[in-house]
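So the structure is just underneath, and the comments pick up after that.
The values are calculated or read from the model by the stated rules, or taken from the named source; none is laboratory data. All values reported here derive from a predicted model rather than from experimental measurement. Here the Cβ positions follow ideal geometry from the backbone for every residue, glycine too, while neighbour counts run over all protein chains shown. Surface accessibility is based on the protein's heavy atoms, side chains included, excluding ligands, DNA and RNA. Shrake-Rupley method; radii C 1.70, N 1.55, O 1.52, S 1.80 Å.
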Amino acid sequence: MRKWNGQAARAIALLLTAAMTAFATGCGNRDADQKQNGSGMQMDGTNVSPGDVDVPAGQDSDIDGPDIEATASKITDFGLRLLKLGIEEAAASSGNTTLPPHASMPKSIYDESLCGRNVLLSPLSVLSALVMTANGARGETQSQMEEAFGISVPELSACLWDYQRTLPAAEKYKLTMANAIWFTADERFTVEEDFLKKNEELFESGIRRVTFDSTACKEINDWVKDNTDGMIEEILDEIPADAVMYLVNALAFDAEWERIYRENEVREGEFKTEDGNTINVEMMYSEESQYLEDTHATGFLKYYADRKYVYAALLPEEGMTVAEYVATLDGEKLRDILSHPTQLHVNAAIPKYESEYGTELRRILEEMGMQDAFDSAKADFSGIGRSLDGNIFISRVLHKTYITVDEKGTKAGAATAVEMRAEGAMPQEDVRTVYLNRPFVYMILDCEHNLPLFLGVVEGIS
């Protein structure tokens, strides 16, 4: 591969989109024979096979090695820290659709119709976006990014490299990941060959050099739409004049419940919000057998088809808000709760709901220790390339998610954009009842490693 030179570009936008969860179905042992190649295409139109990509030297391709539990716990912990700060930010801005000064978010990312303070994040999406970026970070910038991740860039890259090759899929469920890189045909920005090569090897990224105009914007949006099964129709409203690169990751999850709700199991109910309001909703009733409990919450697991993926819900005790409950959790504790369900008869109820969420993650990531990456003077992304217009730094990290939970299953999606600029059958007598009729925490997990694909809270239902 040769070095590419691009035009006078003040910004590199690294767009990583993690996509839609659609009809998720069940947790179970991962079937290594069912592999998904999310990217599947080179940007010149040729196909890439997972077998064509070698594992980077020194990296173990087996995610099931001795450190998998620690790695999975760290990824879960990263997701929880994002969620905690996301809940705080949503509460602070509740009822106010004006974004903070630093978060001049594209219209496609922020939606005034978002429901109350519902928060939904995809740790897998955010990490996929940021680790691709971190592969071009150097020195203290990379160290701070690793501090925020809670895991080294090489370790996380190897984990994601293997994970995307071992995603279970069948007729009623799938989880696919895709990656692509677009960069400008402009001549004043130079991309490092090693950076592109590493992302090709680790993420099977298709690569295309294009003129950044409205046609390129449509091309990127069409790719995102295709690779999210139409759940995210647009991630860019325009390409700024100073943009020089977009790295895009798309994640699509599509699955049905293990047992689809019958008509008589869906009926009208009430959902009580934390401010005391009561909302009429459609509740879906079922009997489950995996009961979750800790000191301050009860919950259950509801499987998707073939038990490769699972929906997990935790209902905080009366008088405790979801924010207060999430604050009691860390990655290790949450994984312990999820990994040790009790075999009990559970009378369960889930409200039908649809939720959208959009945020700019810069402040949250800075609080998690990632400061230099956003500082135009201190950021070191020399591994990505260089611009004649000044130092490269991250300007924004945009994240958008969507979820629908209904009788058939779950559809959910997420998009993350990193923008960079240059500037200067149980005994019936032992029964538990968990009705999600007030604010609750929920997750969509893969069943092999209990990794959170999506992590969110429902505080209101539209």
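Annotation: Asp229 fulfils all but one of (1) at pLDDT below 95; (2) surrounded by fewer than 16 Cβ atoms within 10 Å (Cβ to Cβ); the unmet one is (2). Of all residues in the range 331-348, those being buried (at least 20 other Cβ atoms within 10 Å of the Cβ) and over 18 Å from the mean Cα position of the chain (by Cα) number 3.
Looking at the structure I just gave you, is Gly409 open to solvent by less than 10 Å² (accessible area, probe 1.4 Å), modelled with pLDDT of 90 or more and within 23 Å of Asn227 (Cα to Cα)? When the stated conditions are applied, Gly409 passes them.
When the range 356-397 is filtered for residues that are among the aliphatic types (A, V, I, L, M), within 30 Å of Ser462 (Cα to Cα) and crowded, with 24+ Cβ neighbours inside 10 Å, the ones remaining, listed by number, are Leu361, Leu365, Val397. Of all residues in the range 309-361, those satisfying the criterion of being touching a helix residue (DSSP H, G or I) at 6+ places or on another chain (Cβ under 6 Å) and charged (D, E, K, R) are Asp330, Glu332, Arg335.
Checked against (1) modelled with pLDDT of 75 or more; (2) within 30 Å of Arg267 (Cβ to Cβ), Ala425 passes all but a single condition, namely (1). Residues that are out of contact with any strand residue (DSSP E or B) (no Cβ under 6 Å at 6 or more places or on another chain) and closer than 14 Å to Tyr435 by Cα within the range 260-272 comprise Arg267, Glu268, listed in sequence order. Every condition in (1) open to solvent by 10 Å² or more (accessible area, probe 1.4 Å); (2) part of a helix (DSSP H, G or I); (3) modelled with pLDDT of 85 or more; (4) within 22 Å of Leu130 (Cα to Cα) holds for Thr215 except the one numbered (4). So, Glu288, is that one in contact with a Ser or Thr (Cβ under 8 Å, 6 or more places away or on another chain), more than 30 Å from Lys198 (Cα to Cα) and surrounded by 17 or more Cβ atoms within 10 Å (Cβ to Cβ) or not? It is false that Glu288 is in contact with a Ser or Thr (Cβ under 8 Å, 6 or more places away or on another chain), more than 30 Å from Lys198 (Cα to Cα) and surrounded by 17 or more Cβ atoms within 10 Å (Cβ to Cβ).
A residue that is open to solvent by 10 Å² or more (accessible area, probe 1.4 Å), more than 19 Å from Ser382 (Cβ to Cβ), in a helix (DSSP H, G or I) and charged (D, E, K, R) occurs nowhere in the range 123-146.
From the list Thr328, Thr298, the lone residue that is open to solvent by 20 Å² or more (accessible area, probe 1.4 Å), more than 25 Å from Lys172 (Cα to Cα) and not in a strand (DSSP E or B) is Thr328.
Can you tell me which residues in the range 334-369 are over 29 Å from Ile232 (Cα atoms) and either of a type in the set (Lys, Arg) or part of a strand (DSSP E or B) (or both)? Arg335, Thr342, Gln343, Leu344, His345, Val346, Asn347, Ala348 - these are the residues of the range 334-369 that are over 29 Å from Ile232 (Cα atoms) and either of a type in the set (Lys, Arg) or part of a strand (DSSP E or B) (or both). Which members of the range 306-325 meet the condition of being open to solvent by 10 Å² or more (accessible area, probe 1.4 Å) and either assigned to a helix (DSSP H, G or I) or aromatic (Phe, Trp, Tyr) (or both)? Listed by number, the residues that qualify are Asp306, Arg307, Ala323, Glu324.
Restricting Thr166, Thr190 to those that are open to solvent by 10 Å² or more (accessible area, probe 1.4 Å), at pLDDT 80 or above and under 19 Å from the mean Cα position of the chain (by Cα) reduces the list to Thr166. Restricting attention to the range 333-384, the residues that are of a type in the set (Ser, Thr, Tyr) and in contact with a Ser or Thr (Cβ under 7 Å, 6 or more places away or on another chain) total 1. Looking across the range 346-363, the residues that are at pLDDT below 95 and not charged (D, E, K, R) come down to Tyr353, Ser355, Tyr357, Gly358, Thr359, Leu361. Residue check: is Glu293 within 20 Å of Leu314 (Cα to Cα) and at pLDDT 95 or above? Yes.
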